[in-house]
Every structure is written in structure tokens, then in C-alpha cells.
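Trainee: Let me begin by handing over the structure; questions about it come next.
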Amino acid sequence: MSDAGTLQAGTSLNSGTLDLESLAADLVKQAMQAGASDAEVVIREGDEFSVNVRMGQVETLKESGSRALGLRVYLGKRTASASTSDLTADGIRQVVEGAMALANVTEEDPFVGLPETEEFGSVKEDLHLYFEDVYSLPGPERIEMARRAEAAALAADKRITNSDGGSFDAATGMKVLANSRGFVGSYRSSYAGVSAAPLAADENGHMQRDGWWSSARRMANLESPESVGAEAARRTIRRLGARRIPTQRVPIVFSSEVARSLIGSVFEAASGDAIWRHASFLAGKLGEQIGASTLNIIDDNTMLLPTGVGGYGTSPFDGEGLPSRRTVVLENGVLRNYMLNTYAARKLGMKSTHNASRGLAGAPGIGPGNLYLEPGTQTPEQIIGEVKAGLYVTSLMGFGTNIVTGDYSRGAAGLWIENGQLTHAVEEITIAGNLGEMLKNITAIGNDLVFRGSVASPTIRIDGMTIAGA
Amino acid sequence: MNLPETSPRPSHRRYFFDKFGITERLLERCLGEALSAGGDYADLYFESVTSTSLGVDEQIVKSASTGTSTGCGIRVLSGERTGYAYTDNLNPDRLLHAAKTAALIAAGPAKQPIQGFTETRSGDLYPVPVGGFDLDLAARLELILRADRAARAYDNRVVQVRAGYSEELRRILVAGSDGSIASDTQPLCRLNVFVIAKDGQATTKGSAGGGGRAGLEQFTGSKSPEHLAQEAARGAILQLGAIPAPAGEMQVVLGPGWPGILLHEAVGHGLEADFNRKGTSAFSGLIGRPVASSKVTVVDNGTMQGRRGSLNVDDEGSPTQETVLIENGVLKGYLTDKLSSRLMGTANTGSGRRESYHCIPMPRMTNTYMLAGEDAPEDILRSVKHGLYAVNFGGGQVDITNGKFVFSASEAYMIEDGKITAPVKDATLIGNGPEALKYVSMVGNDLRLDEGIGTCGKDGQSVPVGVGMPTIKLDRMTVGGTGR
């Protein structure tokens, strides 16, 4: 690219020398001086770079950085929050005033408040979350990564006729948390990703699009653009000739990429907020068998990937400053823990599982770290091989998961299984069931657990679900 | 400077000029820097958003938060390329640095600097608070407390109620290298109610909401806290007695209003020009061809007074308009922004939108709806022997390329021999965009727009939208339940 030579690597728009931990601690102090009984500050800083190359030409190039902070104040058992992107003295003064003014209109909630002082902490070991080298590539080579990914997809098959492009992204971020009970912590993290999204058309002109990606915290762990492009092409080509299938009840094999959404739904249903509201099909089921005895679901916020690098959901402390840890969600199909932040724990008379998630404004939420279903022993091919007639699902659509009732109904696409072999592509159908029953009807778990994001699952087979189609 | 001193309506750009010291000279310098390496066009998008939200939960006002976010996104277009950079600091040196970064997309001689701006004429679709945005918190709290009381009073099986109110005031200023300057101040409010109902072992949820680009006076009638609360509670109670939804193809009647999400997913996204310019949409190349039954006319209209999807100007500073997408079943046009209209040689429909200054704008919908037909809703229901009547929905999604779309019914009933019978559990409906509307055999005379709750996501960017539809009958659609 003629333009590429002028692009500088590693430029940061946030190269200011401001010490964000000190800023956070100072803001806590200001809030206390303004009359808060407790205060907590979150600061986020991030830089991002992204390039998309489409049909061999740079389509978009984006590079920027930003920072913002949020303040949460307590007036006894009342609380409110404020956030801003203006980190000047004036902006900070307004945040304190805004939060204090709002705290005066809220009402007392006996369960609200910071965690107890002795609970705070941070994982001491290096979690390997930050690698400067995500910005190490010179500009032209970043563009080249995106171009190579797309080119590999376009070259893979003559039926690949169009493309949404190849992309390369890099980002670094810093999170800071400080509160009036003495906790101050911060950590940096890094990310790089390469992806491709090709389109294929069959002889009738029916188009299909799919894609693939690789992401990593350091460049050395990023898969080659060529392998990403080739896999994107394979996944797109296999959708060609898709047809509908009749309405029926057959075994369904969830590929690992879609199975992870089911594991995410289990976490959501086990979240303390849903439990104390009775807004979950798992409410009141602690200690009960809720799934097949082969199911072990773990949430590990301290995990390192096999490469020795921190997982995508790894952090030294949670959104309230409690040290990250590993929590068993399901053990042999038995619900072992509700997933809790401090508020939900107090509502349920329990202890936090250190799963507080955090935005800039508002109350802490509850979220997973590295959440996964432990692998079984069968290969995906063996699982498919045991199905006489069924559906291998490779993509899901829509929002048809009702955590309250467990009712599950989603659009799906994939491949038909006949006598243990993948045959033709399938589309425009739905799969439906109830999560409570689906978890009990998991009859096979694959050995193919790979973390491509913070939530991961091997391939699984579920019996008894309904396909609605032609 | 070409701007008359007395503008017919308040010039919202004064906000950035007065509060952040932005001047026309600075805008010119930044645009000059943005085009310092060539390029066809550059623009500066200034945005300042102030938001406030309040929540009542378990009869306690538990939450209150406020936030402000200000920044500028700078874009350079060169052929089909876009360079983009943003800053949350509006100091001249940071703005010029961002302009320099965005300029890296182009490679050529600098463009002639621009001098002076002409203000874009735009509508006046929503009230704008004058002299700041001093909130009457008590009046806002009263809305959620009224909703909480009404939901609890609805039925003793209602065990949890949460009501939330949120509002934002978004100020924008867009200056383009074509000498255009546009500004707007956009209010947006929303009231939501969530209910959990419990009866024995069965637990269900219900929700309702309403809002728009208007003040508190809008929360009356069908958007009153009491009505929204009763709707949420009614939905939850109804689900307590729901039977499994059917599975398979059948006749489907969609009620008026929010079920218009069908149009948003089945055709709206597929008609956004970026996909069609690149030939990646299932609707690519279908202009002038039938894509729906002749009873179907669909428009996207950003100029409706006070509606959630409405805008005086889009996020590229272009006036919004009413765009006919499908007329009597024939595909008429796409939704375009500056880049796609230039590259495709078509008119700009004022559909360039973005979530915030962090984001590159792209063609998006505003308020998308189907025009009313001639059938009475009762006749439509009466005509169905066995089918599904769906009146409320959760979210939807579409695969632009193969046209497959889903939307999830949250309140639906069986129709037997022309009569509404048992309520059914949540079920996803699925169809194929360019085909689904060909099965529309009846269109009601009862066009209704939704209450102002829609948020549309595309490429990770969320923007508020509206939908609407009369009651319609589809002779064929796949219902994704578990029953027979």
C-alpha cells in the first residue's frame, strides 16, 4: 500500500504521564471530604488500532485512545454513581457533585455497601496479561496481516467470490480500582486479533458468509493470517447448498463455538442477582443435580492458557477489589455455587465468589472470568459418528434464551448428520427445548476444549430437542 | 462565515463554541490537517452526551447514576477508504493530532483548505431544553414509583418489580470539508418496567417500556407508568398459564406496533447501502424486483415528531427524510450515507448514524414501518383456521448475506378456527428476508408505531430506532416451539 509507509507503530494518544492510581485515590479522598461515608473509583484507559482490508484494498483504518472514570459514593446505606470522560479538575469536581446529589435521592438498602476490609486483595503472581508487542508491528505489516488473512480466504476456493474483508486489531487497556477502605489496584492488558469474513456463492447465486478469527494477548500466540483465512473459507464453503429440514426431534450436536453460549447461559442462571430475584430456573437448586453427571463447569479467573499467558477472562482482582479465584459452578452435574458479587451474596446470606463485574457507572454486576465446561474423552468426530440421524449446529441466531423459565428457542444453521457422517448444510430452522432438561440430556462431551475467548466449551451432544423447519 | 447571525431556530453549535472554545477557524484548521495527504472528503464529529438514570427495585429507590462523555471523531474518506481517529480531549493540539492520524488513510497532495461554513437546514422534531438540562429528579422518581405501585397492585402473583427511568441529552456538531456545518441537540427518554410472577413452581417474567425524543409529558396514555406496569405484569401472569409453542410452518398473524421488528430484520438491514454497495446482501441487485406481496409498502422515516428513531440531522450532518424501501411489493431503494451515496451515485437518504464519537458512521435505520392496508384486524384473525397470533416480541437478528432472520415472540397465542385461544411460551420465528413478505396475504387498517423501546445493533454499534406495522397475516412462517 502506498499509504502504509506513513503509518507509525505504537503511537498512543494517551501518552500523558498522569498516574491513574494516584488520581483514583485522590478522587476517593475528594468524595469523602464531600461527605460520602464510603467511595469507590474506577478508571479505564485504552488504546485501539484496527484495519480492515476488503478485496485487497484498505477499507478502514482506525487508531485512537481514550480514558474515562466512574465514581460510586455511599451515604450510609444509600448509593449513587457518576462517570465522565473529562479527567480535568473541573470534570472531576462535577463527578463528585453529581454523585453526591444523586445519592441524596436514593433510599436505604440494607444490603448495599463495599466489601469488608479484610476481604480485599489481589492475586500476587504475574498473570501475564500485558504484552507491549501487540503494537510492535510497523503500520505496513499490520495492514499486511489483514490482507494476508483475506487473501488466503479468497484463494481457498473459486466459489469464494466476495468478502467482508480481513482485519487486524490491537488494543491495550488499563483498569484502576480504588476505594475508601484502602484498596488500590490496577492492571494492564493487551489484545491482538486477526480475522477473515469471506462470502461464497453457489451455482444459483445463493450467498453464504462465515468467518474465523484468532486472538491473543501477544503477537507470538496469534495464529497465522493464512490459517485464519483458510479456516474462514472452509466454514463458508460448507454452508453452500444449505436447505431446510422437516420439523422433527433428533439428537443435536453443538459445535464448540456454539456450545459455549449454553455454558454462558448456565452461568447467567446461576448468577446471584437472578437467584435472589427468583428470576432463574436454577433458583433454589443449590446442591441439587441439575445436569448430566458428566458435567463439570468451572469459572477460573486466575487461569493461564497453555501458552503460559493469562486467559481472556483472567484478572488479579474482581470489580470490587476481591482477589480473583477459581469457583466450581457444576460438579458432576450438581450445582455447587451461585455466582456472587458482594450485594447478591448479602441478599442470599452467603459470601462473594469474587465475580463482581464492573462498568464505569452503576452498581457492580456479576460476570464470569474464564468459564468452561471440562472436556470429556471423545473426539468431535466420534460424537458425530454415533449419531444415526441428527443435526450438527455451527451457528445460532437470536435471543431466544429465557433464563427465568429455561425455555430455549433459537434460529440455527449447521450440517445434517446421516449415519454418523456430515452430509448437507442446513439453514432456516430453529432448535428448541428447555435448558433445565437440556442440561440433563447432554449425552456426550468432546475432548476439544480450546479457549478462543473467555467462555469455552468442547463439542456437546444434547438429545430430546425439537427442530422446527419445513 | 456565511451564517446569518439570527438563525430561525437555536443554533446548537454554540454549545461547543462556548463551552469548549471551538471556533470556525479551528474547524477549518482540523479539516485542512485531515486532508493534508489528500482524500475526497473529511468531517469532524463533535459529541457531548449527558445521561441520567434512576431505578426502583423491591420498592426501594436503589440506583441513581449520571454520566457525561465528550469527544470528537475525525474521518477522512479517500475512494472507498475510511481513516478514523477520535479524541476525548477537545484541545486544539489533540484535535489536530487526531486529524493527522485520520489523514494517514490517504496518500497524495494536500487538498485546498476550506474557508467558511454553511449551516445545513434541518427539521425541528423534538423539544430542546433551553439553558441547560436541570433535572427535576422528583418528577422522574415519581414515574418509576408509580410504575412500581401499579405493577404490584396488578396481581398478588407479582413477586418482583423493577422500574427504571433513563434519559440522555446528546449534542452534536458536524463540520464537513464540503463547507457544511450541522448541529443538533437530541433528547431521549425511556421508562421500563420488569416483573417476575410466581405461582407454585412456575416463575415467569414480563416487561414493558416506552419513551422517545420528548419530555416527561410523553408518559401518559399508552406510555403512562400505570399502563406500562400493567402491561409488564399482564405479560408475566399470562405466561404462568402458557402452553408449549408449536413447531413448524403455519399461518402467523402479527399484531400491530412492535411486531414491526419483522420489517427491521427481514428487510431493513438487508437494504442498508453498505452491504449492497459491496454485494454482500441477499437484497443486492434486487431494486425494481418484487420482494414482497403487492399489499406491502415499507418506509423508513427519520422525520417523525418526537419518535425514538427520529433525527433532525443524521450523524454526518445530513437532513433525515422519509425513504420508501418497498412500494406495493417492489424494492425501491436503499438507505444511504455520504460514502455509499457517492460511491453508488445515488441520493443520500440521511441514514448515516453512529453510536458515539468512537465510531465510524454507517447506513442505519430510523423509524421503519409498513403502511396500513384495508383489512379489519378481526377479519384477519377470523380468516385463520390454525395458526399463531404474536403480539409482542423480544429481540431479533438477521444474517444479511443469506437473508435468514429470527425474531422472538414473548406474547403469542394459538389461533383455532379464527379465534384466539391459549397463550404459548416464548418461541423464535424464522424466515428468509427476500421471501418472507411475499406471503403477506392480509394487511390491517390499524397501523401502530411501537412505544419507543428499540435499540438496534450493527457491527457493535447501538443506536435507538423505531418500528411499526399494522396487523398482518403471513400465510407461511416457521415457528420454533417444542409442541405440535
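Trainee: When you look at the Cβ of every residue in A:68-77, what mean number of other chain Cβ atoms sits within 10 Å?
Mentor: Averaged over the peptide's residues, the number is 1.
Trainee: Of B:Asp337, B:Asp417, how do they rank once you tally other Cβ atoms within 10 Å and put the fewest first?
Mentor: B:Asp417, B:Asp337
Trainee: Any idea what the relative contact order of chain A is, in percent, if you count C-alpha pairs under 8 Å spaced at least 6 apart?
Mentor: On the way: 1271 pairs, mean separation 71.2, N = 470.
Once normalised by length, the contact order is 15 percent.
Trainee: As a footprinting exposure proxy, order B:Ile420, A:Ile383 by other Cβ within 10 Å, with the fewest listed first.
Mentor: Least crowded to most crowded, the residues run B:Ile420, A:Ile383.
Trainee: Run the paramagnetic zone check for B:Gln201: 7 angstrom along Cα to Cβ, then residues of segment A:433-453 with backbone nitrogen under 20 Å.
Mentor: So the set is A:433-442.
Trainee: Where Lys and Arg each count +1 and Asp and Glu each count -1, what net charge lies around A:Asp26 among other residues with Cβ under 13 Å from its Cβ?
Mentor: My count for the surroundings of A:Asp26 gives 0.
Trainee: Amide H of B:Gln251: which non-local residues (sequence gap of 5 or more, or other chain) have their own amide H closer than 5 Å, using H built in the peptide plane?
Mentor: Under 5 Å from the amide H of B:Gln251 lie the amide H atoms of B:Leu388, each far enough along the sequence or on another chain.
Trainee: When each pair of different Cα atoms in segment B:14-240 is counted once in the 1/r mean, what is the Kirkwood radius in angstroms, to one decimal?
Mentor: Values: mean 1/r = 0.0493 Å⁻¹.
Evaluated on segment B:14-240, it is 20.3 Å.
Trainee: Continuing with the same structure: Obtain the nm distance between the two label points defined at B:Glu322 and B:Ala153 by a simple spin-label model: each point lies 7 Å from its Cα along the Cα-to-C-beta direction.
Mentor: Taking the two extended label points, one gets 4.0 nm.
Trainee: Please average, across the residues of B:276-283, the number of beta carbons from any other chain that are within 10 Å of each residue's own beta carbon, and give a whole number.
Mentor: Other-chain Cβ atoms within 10 Å of each residue's Cβ, averaged: 3.
Trainee: Could you run the Karplus curve 6.51 cos²θ - 1.76 cosθ + 1.60 with θ = phi - 60° over segment A:255-268 and give me ³J(HN,Hα) per residue in whole Hz, x for Gly and Pro?
Mentor: In residue order, the calculated couplings are 5, 4, 5, 9, 4, 5, 5, 5, 5, x, 5, 4, 4, 4 Hz.
Trainee: Greater than 18 Å separation of Cα atoms is the criterion. Which listed pairs, A:Lys62/B:Lys100; A:Lys77/B:Lys205; A:Lys347/B:Lys62; B:Lys278/B:Lys438, meet it?
Mentor: Violating the 18 Å Cα-Cα cut-off are A:Lys77/B:Lys205; B:Lys278/B:Lys438.
Trainee: If you line up the long axis of helix B:24-34 against the longest principal axis of chain B, both from Cα atoms, how many degrees apart are they, to the nearest 10?
Mentor: Relative to chain B, helix B:24-34 is tipped by roughly 90 degrees.
Trainee: Okay, next question. For the Cα atoms of chain A, what angle does the longest principal axis make with the long axis of helix A:225-237, in degrees from 0 to 90, nearest 10?
Mentor: For A:225-237 against chain A, the angle is about 60 degrees.
Trainee: Can I get the semi-axes of segment A:257-387's equivalent ellipsoid? Compute them from the C-alpha gyration tensor as square roots of 5 times the eigenvalues, in angstrom, largest first.
Mentor: 26, 19, 12
Trainee: Around A:Ala170, under 10 Å between beta carbons, what's the net of Lys plus Arg minus Asp minus Glu among the other residues?
Mentor: Summing Lys/Arg as +1 and Asp/Glu as -1 gives -4.
Trainee: How far apart, in nm, are two points set 7 Å out from the Cα along the Cα-to-Cβ line at B:Asp18 and at A:Asn419?
Mentor: Spacing of the two 7 Å Cα→Cβ label points: 8.0 nm.
Trainee: Now for a different question. What residues have an amide H closer than 5 Å to that of B:Ala427, excluding those fewer than 5 places away on the same chain, when H is modeled at 1.01 Å from N in the peptide plane?
Mentor: The list, which skips near neighbours in sequence, is B:Ala409.
Trainee: Can you give me the convex hull volume of the Cα atoms of chain B, divided per residue and expressed in Å³?
Mentor: 143 Å³
Trainee: Relative to a virtual label point 7 Å from the Cα of A:Gln57 in the Cα→beta-carbon direction, which members of segment B:81-119 show backbone nitrogen distances below 19 Å?
Mentor: Counting only backbone N, you get B:81-84, B:103-109.
Trainee: For chain A, what D do you get in µm² per second when you plug the Kirkwood radius from alpha-carbon pairs into Stokes-Einstein at 25 °C and 0.890 mPa s?
Mentor: Diffusion coefficient, whole number: 101 µm²/s.
Trainee: Estimate the FRET efficiency between A:Lys124 and A:Gln289 by the formula 1/(1 + (r/R0)^6), using the beta-carbon distance for r and 45 Å for R0, to the nearest 0.05.
Mentor: 0.75
Trainee: What is the mean projected area of the alpha carbon convex hull for segment A:318-470, to one decimal in square nanometres?
Mentor: If you wrap the Cα atoms of segment A:318-470 in a convex hull and average its projections, you get 10.9 nm².
Trainee: Multiply the residue gap between A:Glu331 and A:His278 by 0.36 nm, knock off their C-alpha separation, and tell me the result in nm, one decimal place.
Mentor: Difference between extended and current length: 16.8 nm.
Trainee: With each label point set 7 Å from Cα along the Cα-Cβ vector, what nm distance links A:Ala220 and B:Gln305?
Mentor: If labels sit at A:Ala220 and B:Gln305, their model points lie 6.7 nm apart.
Trainee: With all distinct Cα pairs included, what does the Kirkwood hydrodynamic radius of the protein assembly as shown come out to in Å, to one decimal, could you say?
Mentor: Value: 28.9 Å, from the Cα pair sum.
Trainee: Then there's this: Compactness ratio of segment B:247-480: Cα Rg over 2.2 N^0.38 Å, N = residue count?
Mentor: Details: Rg = 17.0 Å, N = 234, 2.2 N^0.38 = 17.5 Å.
Normalised by 2.2 N^0.38 Å, the Cα Rg of segment B:247-480 equals 0.97.
Trainee: Follow-up question, since we're still on this one. What is the calculated FRET efficiency for B:His386 to B:Asp459, with r their C-beta to C-beta distance and R₀ = 45 Å, to the nearest 0.05? Numbers along the way, then the final one.
Mentor: Details: r = 40 Å, r/R0 = 0.89.
My answer for the efficiency is 0.65.
Trainee: Would you please state which residues of segment A:445-470 a label at A:Ser227 would reach in this model, taking the label point 7 Å out along Cα→Cβ and a backbone N cut-off of under 14 Å?
Mentor: The answer is A:450-452.
Trainee: Hey, fewest Cβ within 10 Å first, where do B:Arg289, A:Arg238, B:Arg75, A:Arg461 land in order?
Mentor: B:Arg289, A:Arg238, A:Arg461, B:Arg75
Trainee: How large is ³J(HN,Hα) for each residue in segment B:189-196, as worked out from phi by the Karplus curve 6.51 cos²θ - 1.76 cosθ + 1.60 (θ = phi - 60°), to whole Hz, x for Gly and Pro?
Mentor: Coupling constants for segment B:189-196: 10, 7, 10, 10, 10, 10, 10, 10 Hz.
Trainee: Further question: Give me, ordered by chain and number, the residues 5 or more places off A:Phe131 or on other chains with an amide H under 5 Å from its own placed amide H.
Mentor: Distant-sequence amide H within range of A:Phe131: A:Ser190.
Readers should treat all values here as calculations from the given coordinates under stated rules, not as data from a laboratory. Please read all numbers here as calculations on a predicted model, not as lab measurements. Because the Cβ atoms are built from the backbone with ideal geometry, glycine has one as well, and the counts that use them run over all protein chains shown.
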